[in-house]
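Undergrad: Input: one structure, supplied below.
The values are calculated or read from the model by the stated rules, or taken from the named source; none is laboratory data. Keep in mind that this is a model prediction, so the values were computed, not measured. Note that each Cβ is placed from the backbone with ideal geometry, even for glycine, and that neighbours are counted across all protein chains shown. The protein model used for the area step is the full one, side chains on, heavy atoms only, and it has no ligands, DNA or RNA in it. Shrake-Rupley method; radii C 1.70, N 1.55, O 1.52, S 1.80 Å.
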Amino acid sequence: MGRQRDLRKQLELNMRIKQKQLEVEQQAFVLAYPVFFSGRYMGDLVRVFEEKNLNLKGMRLMNVNEKFVKKHFNNVGGEPQGENPYGTWLEYLTSHPVIAMIFEGLGAVCRLQEMTSERESLFWSDNGPTVYSSATVTRAQKDIEMWFQDSKDWCKDAKKSNHLVYLHPEGKTYGPAVEAYNILRNDVSMFLHHPNIHGYFISGDMSVVVIKPEAFRKRCVGEILSAVECNCGGIEGLKLVRKADCPGSIVWSDSCSSSSTTDGDECALAMVVHLLSPAVELMSAEPDTMQIDFDLRVYRVGSKYIYQSETGDKMWSDAVHFFPHGFTLWADPTYKQVFGRMFEASLIGLVPVPESKVTW
């Protein structure tokens, strides 16, 4: 009887602690594994959390190296339980881009842990998890510090990679082993009309698309992101940006004041998009329009919610404004193809390409 009474008291105490946590504003960290990028499910993931009244406060599409992934596994107590498409979790997380995210809300850490632990299709594959979320508030703070460190610090981790070419904002090119460059050079669709990588990047096929602050206030960021994912050749770079970090852009011009956000904390989601389809109608004349129906294939979004750059030099200017540390071009020699293409320079270090071997 005494043991049962003690157990009941402990359970009651745990429930009170949990209830108290649910009443406190918290920041939670989520890492979405490569399936969300390759399968174009990033918007779906954001929508699930938005529907739970969680606010997106950080998001970054990024390439990671083995050293960084090992550090992450060590910090969180080991690799995930279950299987993945690549056999080892180290190979899987370094095979394709991952998405690091911060969500904020009442009891965010506890709520995300519960959501991502349920074996639903979005958070679990047939054999293993598709996301990681921090188990405690302290762990979430440490994960955020690690995954959202300043991009300029990442480039100090000089490590040669056969997956990466780096395009500096000033036009300088750094890169990987020769094998990866040959893949890029032999990709006819990419270089047919463009003699160099910069020419490809500012071509009419590429644009900067920004989901504006109003979408954050209305919690429709995920819906708009899904519409873009479904109607483009690929999202080449993605990050959440704040007005305080990149002021002066047109995306802030029609931002209205919000009781929950100071002016400098206004958020937007910047993307480099390849071949955005005309099916996504950007309604400049009807700025308040927000009509998205995936079944009927209707994607009408007003200029209050989304911005798209012009092509050419204006596109490059916007890209450098939101991605000031440049871009990486990602290739997989195993499959002999380019996938993912442009991303903000991230954790894989960069080594200059010998001019005698590679010229752009």
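Undergrad: Scan the strands (runs of 3 or more DSSP E) fully inside the range 294-360 and keep the ones with 3 or more residues being within 16 Å of MET271 (Cβ to Cβ) and at pLDDT below 75.
TA: Once the strands (runs of 3 or more DSSP E) in the range 294-360 are filtered for at least 3 residues that are within 16 Å of MET271 (Cβ to Cβ) and at pLDDT below 75, what remains is 327-332, 337-344.
Undergrad: Assess whether GLU91 counts as being open to solvent by 30 Å² or more (accessible area, probe 1.4 Å) and assigned to a strand (DSSP E or B). Break it down stepwise before answering.
TA: Working: open to solvent by 30 Å² or more (accessible area, probe 1.4 Å): yes; assigned to a strand (DSSP E or B): no.
Considered against the rule, which asks whether it is open to solvent by 30 Å² or more (accessible area, probe 1.4 Å) and assigned to a strand (DSSP E or B), GLU91 comes out as no.
Undergrad: Kindly provide the set of residues from the range 282-307 that are surrounded by fewer than 21 Cβ atoms within 10 Å (Cβ to Cβ) and under 21 Å from TYR41 (Cα atoms), ordered by number.
TA: MET290, GLN291, ILE292, ASP293, PHE294, ASP295, LEU296, ARG297, VAL298, ARG300
Undergrad: Right, next: Hey, any hits in the range 127-141 for a residue that's out of contact with any strand residue (DSSP E or B) (no Cβ under 8 Å at 6 or more places or on another chain) and either without any contact (Cβ under 8 Å) to a residue 24 or more places away in the chain or crowded, with 21+ Cβ neighbours inside 10 Å (or both)?
TA: Yes: one or more hits.
Undergrad: A follow-up question, please. Out of the residues in the range 245-272 that are within 19 Å of the chain's Cα centre (by Cα) and part of a loop (DSSP other than H, G, I, E, B), which is modelled with the highest pLDDT?
TA: Step by step, filter the range 245-272, then rank; the result is GLU266.
Undergrad: Let me spell it out: the conditions are (1) in contact with a Leu (Cβ under 9 Å, 6 or more places away or on another chain); (2) at pLDDT 90 or above; (3) not hydroxyl-bearing (Ser, Thr, Tyr), and GLU114 meets all of them except one. Which number is the exception?
TA: Only one criterion is unmet by GLU114, namely (1).
Undergrad: Scan the range 40-54 residue by residue and report those that are open to solvent by 10 Å² or more (accessible area, probe 1.4 Å), of a type outside the set (D, E, K, R) and either within 19 Å of ARG111 (Cα to Cα) or not in a loop (DSSP other than H, G, I, E, B) (or both). Explain how you work it out, then say what you get.
TA: If we filter the range 40-54 for residues that are open to solvent by 10 Å² or more (accessible area, probe 1.4 Å), which is where we start, we get 40-41, 44, 47-48, 50-53.
Narrowing further to those that are of a type outside the set (D, E, K, R): 41, 48, 53.
Of everything in the range 40-54, those that are open to solvent by 10 Å² or more (accessible area, probe 1.4 Å), of a type outside the set (D, E, K, R) and either within 19 Å of ARG111 (Cα to Cα) or not in a loop (DSSP other than H, G, I, E, B) (or both) turn out to be VAL48, ASN53.
Undergrad: Now a separate question. Please verify whether the range 231-242 includes one or more residues that are modelled with pLDDT of 95 or more and surrounded by fewer than 19 Cβ atoms within 10 Å (Cβ to Cβ).
TA: yes
Undergrad: What are the residue pairs meeting all of these: first residue in the range 88-101, first residue within 17 Å of GLY39 (Cβ to Cβ), second residue assigned to a helix (DSSP H, G or I) and of a type in the set (Asp, Glu), Cβ atoms under 7 Å, and 6 or more apart or on different chains?
TA: Matching pairs, first to second residue: none at all.
Undergrad: Starting from the range 55-72, keep only residues that are under 24 Å from ALA108 (Cβ atoms) and open to solvent by less than 50 Å² (accessible area, probe 1.4 Å), then list their pairs with residues that are part of a helix (DSSP H, G or I) and β-branched (Val, Ile, Thr) whose Cβ atoms are within a distance under 7 Å, requiring at least 6 positions of separation or different chains.
TA: LEU56/VAL46; LEU56/VAL221; VAL64/THR94
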